[in-house]
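Below is one structure, written out as structure tokens; comments come after it.
Each reported figure results from applying straightforward, stated rules to the coordinates on display, with no laboratory input. None of the values given here were measured: they were computed from a predicted structure. FYI the Cβ positions are ideal-geometry reconstructions off the backbone, even for glycines, and counts take in every protein chain you see.
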Amino acid sequence: MPSSAYSSPSQPSGRSSDAGQARAEALWGAFASALTAADFCSSWLSLQCLQVADVRAALLLLEQGGGTFVPAAVWPSEQTDVSYLAPAAQQCLSERQGKLLRGQPGALVIVAYPVELDGQLQGAVVLDVAERADEALQAVLRQLHWGIGWIETLFLRRRNLEDAQTLQRARSALDVLAVAAEQARLPALAMAVVNDLVSRFACDRVALGIDRRGRARLLALSHSAFFEKKSQFVAALENAMDEALDQRRSVAFPPVDVEDAAMAIAHRDFAATRAVCSVVLSSRGVGVGVLTFERGAPFSGEEIHGFEAVSTLLGPLLESRVELHRWFAGRLVDQARDRWRHLKDPRRPGFRVALALGLVLLLGVLFLDGDYRVSAKAVVEGEVQRAAVAPFDGFLRDAPVRAGFLVRKGQVLATLDDRDLLVERQRWLSERGQHEGRYRDALSKHERANANVALAQVQEAEAQLALVEEKLLRAQIVAPFDGVVVSGDLSQLLGSPVEHGKLLFEVAPLDAYRVILKVEDRDIRDVRVGQTGSLVLAGLAGEALGFEVHNLSMAESDDGRNVFRVEARLERSDLKLRPGMEGVGKINAGQQSYAWIWTHRLTDWLRMQAWTWLP
């Protein structure tokens, strides 16, 4: 059948008689007083057929949900067969524009027009009219265009009503959530929620149960501080809650929609002559609790939607409070159950592989042995350190070297002022000459006693002169061997006095070193003389130096810790080392299991604490 497109609308006009006027008034009265959507659509379609002349049949289709369109009204009566209008309605809905469908001259003429609201297709109206001119058919389309505004008003009213109901449900749910959030502990939260719900929704009783290992357990009952957990009433109530939990949906008895009703056997047994409704509180897709409402009158669908809005917001909060309320053992059991469920899930092969690898790693840690090494801070020292001290009391004249200088054997380290010594040498030379003269004079006079005295004075002067000469030789402090100056910087003390025996420099050789390991007292039991190890110095981080433990010295304090000085000898002597270089050394202490290596310090600490605190 050919079709033509819809043109610009215009106001329809028509003739009316007295009977038609009375009929129109009756239809307008029914339209204005329509209480239901069905009455509204039926009276509206009748008015359209009244204003469009020579209509044989009419059909109004409206969207029911999910893209399904069903008849909302049929004219002239509900028993009229309008199935032949279905193709025209389908074409109008698919193309979403007004359609004029004609057959042969004198045959039927179908006018179809879509019903849209905010760009969304809501339905279509289809009229079977008598043959007429194209201008008259365009007038029919215009009449339908203007008349569909009343249908849009119906949808707007329905939408406003739904929005108001949704807003009211959200307000109630937020109020209940605010009441629940004020309570920090689970029992107080449960009691506050059920007491608020029983008054808010005008119920006789409200109960809250939580999921415990797949079974509902009653937690709070409105206006009841205590209840007998083993009573028959509580058992029946928990069975009803289990019924809702198992189906993961709201269950009401008597049911609101018989065709879409959930199984309510336990609810029927519990309700007796009352009405009962249970809604599931979910969090992350898992049921965590159940709210059960009781009263004498049946529950409506809108009330059940309100209960579900409350449960949607209350579920996550209830889950968090339950987790905080539970003991560690209960949480551990839940975690183990979840992991076991994941292990059995065939969709999670990666979890099984990870668990198997974890078990293999755990067995390896427990039963495989590894190298146990004692770690300690290490410092390099010269194997021999020679001290250069002041040979006598004097004044410092020159100090050409300081710590860090490389020196050769016999090189001057410092020089003391020798002017006083030169004067003293001259004095003793003079006295020796005088005593020699007296000695010769006494010999010439054969005065034996005076000769012996003079001889003794000569010997005394020679001894003092030899002492002065020795001091003059030692006025220059020289390096005892080739090495490096480890300590001493006198460049800023020239001219200052020095005391006899004062340490001026320390010199260490360049080819003989030892390592001092500072081992903590908790690890010293595992260190023995003759053990080997490796040392990594900060200045030679890329090379591990081998050593052998040579001696275990006494304990000393180091940064508030008690440590033992362990001396070790390096295996190589051709390294570019300097005394004072620091690093970390590890002493090989034998074979132990990895579990013992990683946990022995903790177990030792626990033993010590137990010994300290236990009586």
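Using a 7 Å offset from the Cα along the Cα-to-Cβ direction at both A463 and D118, what is the distance between the two label points in nm, to one decimal?
For the pair A463/D118, the computed spacing is 12.5 nm.
Give me the tail of P(r) for region 418-472 as a percent: Cα-Cα pairs with distance above 19 Å. If you can, show how the numbers build up before the last one.
On the way: 495 of 1485 pairs.
Counting every Cα pair in region 418-472, those more than 19 Å apart make up 33 percent.
Once the dipole of the chain is set up with Lys and Arg at +1 and Asp and Glu at -1 on Cβ about the Cα centre, which of V453, V536, F40 lies farthest towards its positive end?
Projecting each Cα onto the dipole axis, the largest value belongs to V453.
Please pull out the direction-averaged projected area of the chain, using the convex hull of its alpha-carbon atoms, in nm² to one decimal place.
On the way: hull surface 249.9 nm².
Computed as one quarter of the Cα hull surface, the answer is 62.5 nm².
Give me the one-decimal nm value for the distance between modelled label points at E135 and V536, 7 Å along each residue's Cα-to-Cβ direction.
That separation, rounded to one decimal, is 10.2 nm.
Of Q464, F547, L291, which is farthest on the positive side of the dipole of the chain, counting Cα position, with +1 on Lys and Arg Cβ, -1 on Asp and Glu Cβ, and the Cα centre as origin?
Checked the options; the winner is Q464.
Stretch Q592-K344 to full length: gain in nm at 0.36 nm per residue minus the Cα-Cα span?
Values: separation 248, 0.36 × 248 = 89.28 nm, distance 3.66 nm.
Stretched out fully, the Q592 to K344 stretch lengthens by 85.6 nm.
With 10 Å bins from zero, work out the P(r) of region 278-434 over every alpha carbon pair and list the percent per bin.
P(r) for region 278-434, in whole percents per bin: 7, 14, 13, 10, 7, 6, 7, 8, 9, 7, 6, 3, 2, 1, 0.
Can you pull the Kirkwood radius for region 162-201, inverse mean 1/r over Cα pairs, to one decimal in Å? Show your work: numbers first, answer last.
Numbers: mean 1/r = 0.0938 Å⁻¹.
In region 162-201 this quantity evaluates to 10.7 Å.
Rounding to the nearest 20 debye, state how big the charge dipole of region 169-244 is about its Cα centre with +1 on each Lys and Arg Cβ and -1 on each Asp and Glu Cβ. The partial results should precede the final answer.
Details: 11 positive and 9 negative charges, 36 e Å.
Taking the Cα centre of region 169-244 as origin, the dipole is about 180 debye.
Multiply the residue gap between R419 and R561 by 0.36 nm, knock off their C-alpha separation, and tell me the result in nm, one decimal place. Intermediate values should be presented prior to the final figure.
Values: separation 142, 0.36 × 142 = 51.12 nm, distance 5.11 nm.
Working it through step by step, the gained length comes to 46.0 nm.
Under the rule of -39500 (n - 2.57) per DSSP H run of 4 or more residues, summed and divided by the residues of the chain, what mean residue ellipticity at 222 nm is obtained, to the nearest 500 deg cm²/dmol? Walk me through the numbers before you get to the answer.
Numbers: 13 runs with 260 residues, N = 615.
That calculation yields -14500 deg cm²/dmol at 222 nm.
Return the inverse of the average 1/r over all pairs of distinct C-alpha atoms in region 182-326, which is the Kirkwood hydrodynamic radius, in Å to one decimal.
Kirkwood radius, region 182-326: 14.9 Å.
Given the chain, what count of lysine pairs have C-alpha atoms under 23 Å apart, with each pair 8 or more places apart or on different chains?
10
Taking 2.2 N^0.38 Å as the expected size of a compact globular protein, what ratio does the Cα radius of gyration of region 401-493 give against it, to two decimals?
On the way: Rg = 20.9 Å, N = 93, 2.2 N^0.38 = 12.3 Å.
Against the empirical 2.2 N^0.38 Å value, I get 1.69 for region 401-493.
Mean 1/r over all different Cα pairs, inverted: what Kirkwood radius does region 512-613 give, in Å?
Numbers: mean 1/r = 0.0658 Å⁻¹.
Taking every pair of different Cα atoms in region 512-613, averaging 1/r and inverting gives 15.2 Å.
Suppose every Lys and Arg Cβ carries +1 and every Asp and Glu Cβ carries -1, with no other charges. What dipole size does the chain come out with about its Cα centre, to the nearest 20 debye?
On the way: 70 positive and 77 negative charges, 245 e Å.
Taking the Cα centre of the chain as origin, the dipole is about 1180 debye.
Kindly state, to the nearest 0.05, the FRET efficiency for A387 paired with N452, given R0 = 45 Å and r defined as their beta-carbon distance. Write out the running numbers ahead of the final one.
On the way: r = 44 Å, r/R0 = 0.98.
According to the calculation, E is roughly 0.55.
About the Cα centre of region 418-472, what is the dipole size in debye to 20, counting +1 per Lys and Arg Cβ and -1 per Asp and Glu Cβ, all else neutral? Mind dumping the intermediate values first?
Values: 9 positive and 11 negative charges, 49 e Å.
With Lys and Arg at +1 and Asp and Glu at -1, about 240 debye.
Exposure proxy check: K99, K471 ranked by fewest other beta carbons within 10 Å?
Values: K99 23, K471 18.
The order, fewest Cβ neighbours first, is K471, K99.
At a Förster distance of 45 Å, what's the computed FRET efficiency of V82 paired with E302, Cβ-Cβ distance as r, to 0.05? Present the calculation step by step, with values, prior to reporting the outcome.
Numbers: r = 33 Å, r/R0 = 0.74.
Efficiency, rounded to the nearest 0.05: 0.85.
Exposure proxy check: W611, W605 ranked by fewest other beta carbons within 10 Å?
Working: W611 8, W605 11.
Lowest count first: W611, W605.
Express in nm, to one decimal, how much length is gained between L361 and F227 on full extension, taking 0.36 nm for each residue of separation and deducting their alpha carbon distance. Could you put the intermediate results ahead of the total?
Details: separation 134, 0.36 × 134 = 48.24 nm, distance 5.08 nm.
Length gained between L361 and F227: 43.2 nm.
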